[in-house]
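A.B. asks: Here you go, one structure.
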Amino acid sequence: MTNTDKPVVWIPRTLSANTLKRARNHYTVVFDPADEPASAAQIIEHSQRVDAIIPCHSEVFSADVVEQLDTRLKIIANHSVGVDHCDLDALKRRGIVVTNTPDVLSDATAEIAMLLLLGAARRAPEGDGLVRTGQWTSWSPSFMVGQQVTGKRIGIIGMGKVGQVMARRARGFDMQVHYHNRRRLSADEEMGAVYHESLDTLLPVSEFLSLHCPATDQTRGLMNTQTLAQLPKGAILVNTARGALVDEPALLAAIECGQLAAAGLDCFATEPGGNADFSKHQNIFMLPHIGSATFDTRDAMGFRALDNLDAYFAGHEPGDRLV
Ligand code: DGY
C-alpha cells in the first residue's frame, strides 16, 4: 500500500507516543502537536479531508456539527469510554460509525475513585495544605479527625466495568457494597453486592456514594437537592464519571449545611476549569479529570481506538461499535 492509498486519520489531541507510532504505521495521520481541543469549525473543516477521526471527549459532535460533516468522514473512533460529547442519533442518521474504548480504563478510573474516596474521608487536601504551607504547628488527638472508611457501606450507581472494579477495591477495605444499575448483575458479577432497583432505597444506606454511570438524558442532574437529601447525614460523594450527573449548586448547599461531610470530584460541569465556589471548601477534594490518565491506560485506550479503526478499514465490524 502506498502512502496515498492509506486512509487519512485525524488525531486532534496528543495521544500516547505508542499510539501515534502505531497509527502512523497504518494510516496517513493528520496531527497537530498544539494539543488544543478542536472547535466545531475545525471538526467540520477537517471532515472534508479525512476518512476517520480519533477524538477525545474534548471534541464535541453536536447535532449541528454532525449535520455539517463532509460525506468523506466515515468513522469516529473515540479515545474515551464516555460518548456524551457525540450526538449518537445524529451520527447514526448520517451513517457515520462511532466506537469507544470500554474496559481498558476501568482499573485506572477506579484507582482515582478510591483515591478521592479515601482523600475526602481522611481530609487529604486539608492535611497536605497544612504541611505544604508550613502551617502544621501543633498536634492533638482532636486534630484532623476524619471519617473511617473500613467496614462502611458504599453505594455505587452504575455497575458497568468501572463500577465493578470500584466494588472490588471497596471490598478490599471491607466495605459493604450496595448498587443500582439498569440491569441486575449475575450472582457471579455481584459478588455479594446488594442490588437496589431504585435510588430511593440505595441512597439512604449509602454512607459513601460513588457515581459510575454515563451522562445521558436520564442521568443528567441525578444528584440534586432531593437525592442528596436522601443520603445519610454526613455521607461522602465521589464522582469520577461526568460532571453533568451532579447539580453543582445543590452539592455546594449540601456541603455547606453538613448534609455531605465531604466530596471527591474528578469531573465538573465546566471542564477545563472546574467550579471556583468548590475551592472555598477544604472538604471537597478535586482532581482535573484524570481518571484514565496513566501511561498504561493511555496506550491501552489508543490501541483500542486503533483496533476499532483497523477492523473498520479491513471491512470488519469494529469491536466497540456504538452506532
Ligand atoms: C472517558 O474515557 O470517558 C474519560 O472520561 C476520558 O475521556
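A.B. asks: With everything on Cα atoms, drop me the angle between helix 17-26 and the longest principal axis of the chain, reported from 0 to 90° to the nearest 10.
C.D. replies: 20
A.B. asks: Also, I was wondering about something else. Have a look at the DSSP beta bridges in the chain and tell me what percent are antiparallel, nearest 5.
C.D. replies: Antiparallel bridges make up about 5 percent of those DSSP assigns within the chain.
A.B. asks: With a cut-off of at most 13 other beta carbons within 10 Å, and DSSP calling the residue loop, which trypsin sites (Lys or Arg not before Pro) in the range 1-77 qualify? Please list them.
C.D. replies: Taking the range 1-77 and a limit of 13 other Cβ atoms within 10 Å, the loop trypsin sites (Lys or Arg not before Pro) found are Arg49, Arg72.
A.B. asks: Report the label-to-label distance for Asp5 and Ala34 in nanometres (one decimal), using points 7 Å from each Cα along the Cα→Cβ vector.
C.D. replies: Modelled inter-label distance: 3.4 nm.
A.B. asks: Still on this model: Which of Gly134, Gly82, Ile157 sits farthest toward the positive end of the charge dipole of the range 41-157, with +1 on the Cβ of Lys and Arg and -1 on the Cβ of Asp and Glu?
C.D. replies: Gly134
A.B. asks: Please work out the FRET efficiency for the pair Gln226 and Gln148, using the Cβ-Cβ distance as r and a Förster radius of 45 Å; give the result to the nearest 0.05.
C.D. replies: The calculated FRET efficiency here is 0.95.
A.B. asks: Over the range 1-88, what is the relative contact order in percent, taking alpha-carbon pairs closer than 8 angstrom and at least six residues apart?
C.D. replies: Relative contact order comes out at 29 percent.
A.B. asks: For Lys21, list the aspartates and glutamates whose Cα falls under 19 Å from its own Cα; do not include residues on the same chain fewer than 8 positions away.
C.D. replies: Of all the aspartates and glutamates, those that pass the test against Lys21 - Cα under 19 Å, at least 8 places apart if same chain - are Asp5, Asp32, Asp35, Asp51, Asp296, Asp299, Asp307, Asp310.
A.B. asks: Work out from phi, with θ = phi - 60° and the Karplus expression 6.51 cos²θ - 1.76 cosθ + 1.60, the ³J(HN,Hα) of each residue of the range 224-230, listed in order in whole Hz, and give x for Gly and Pro.
C.D. replies: 9, 3, 5, 6, 5, 5, 7
A.B. asks: Could you please state, rounded to a whole Å, how far the C-alpha centre of the range 17-67 is from the C-alpha centre of the range 278-323?
C.D. replies: Each part's Cα centre sits 15 Å from the other's.
A.B. asks: Could you sort the peptides 192-199, 207-214 by per-residue average Cβ neighbour count (10 Å cutoff), highest mean leading?
C.D. replies: Taking the mean over residues of other Cβ atoms within 10 Å, the ranking is 207-214, 192-199.
A.B. asks: If you average the sequence gap of Cα pairs under 8 Å that are 6 or more apart and divide by the length of the chain, what percent do you get for the contact order?
C.D. replies: Normalised by residue count, the contact order of the chain is 18 percent.
A.B. asks: Report, to the nearest whole %, how much of the accessible area of the chain belongs to carbon and sulfur atoms, 1.4 Å probe, protein only.
C.D. replies: 52
A.B. asks: Return the sequence-ordered ³J(HN,Hα) values of the range 132-148 in whole Hz as given by the Karplus equation 6.51 cos²θ - 1.76 cosθ + 1.60 applied to θ = phi - 60°, using x for Gly and Pro.
C.D. replies: 4, 9, x, 9, 7, 10, 8, 9, 7, x, 9, 8, 6, 7, x, 8, 6
A.B. asks: Further question on the same structure: Under the definition of Cα pairs under 8 Å and six or more residues apart, what whole-number percent is the relative contact order of the range 117-267?
C.D. replies: Relative contact order, the range 117-267: 22 percent.
A.B. asks: So which lysines can Lys233 reach, going by Cα to Cα under 27 Å and dropping same-chain residues fewer than 8 places off?
C.D. replies: Cα-Cα hits under 27 Å: Lys152, Lys280.
A.B. asks: What FRET efficiency do you get for Arg72 and Arg182 if R0 is 41 Å and r is their Cβ-Cβ distance, rounded to the nearest 0.05?
C.D. replies: 0.65
A.B. asks: For the pair Arg93/Ser198, report the inter-label distance in nm, with labels modelled 7 Å from Cα in the Cβ direction.
C.D. replies: Computed distance between label sites Arg93 and Ser198 equals 3.6 nm.
A.B. asks: Report, in whole Å, the centroid distance computed from the Cα atoms of the range 174-219 and the range 83-149.
C.D. replies: Computed from Cα coordinates, the inter-centre distance equals 18 Å.
A.B. asks: So, one more: If we sort 225-231, 135-141, 65-71 on the protection proxy, mean other Cβ atoms within 10 Å, highest first, what's the order?
C.D. replies: Descending mean neighbour count gives 225-231, 65-71, 135-141.
A.B. asks: Using a probe radius of 1.4 Å on heavy atoms only, what accessible surface per residue do you get for the chain? Whole Å² is fine.
C.D. replies: Result: 48 Å² of accessible area for each residue.
The values are calculated or read from the model by the stated rules, or taken from the named source; none is laboratory data. All values reported here derive from a predicted model rather than from experimental measurement. Here the Cβ is made from the backbone with ideal geometry for all residues, glycine too, and neighbour counts use every protein chain on show. These area figures cover heavy atoms from the full protein model, side chains too; ligands, DNA and RNA do not enter into them. Shrake-Rupley method; radii C 1.70, N 1.55, O 1.52, S 1.80 Å.
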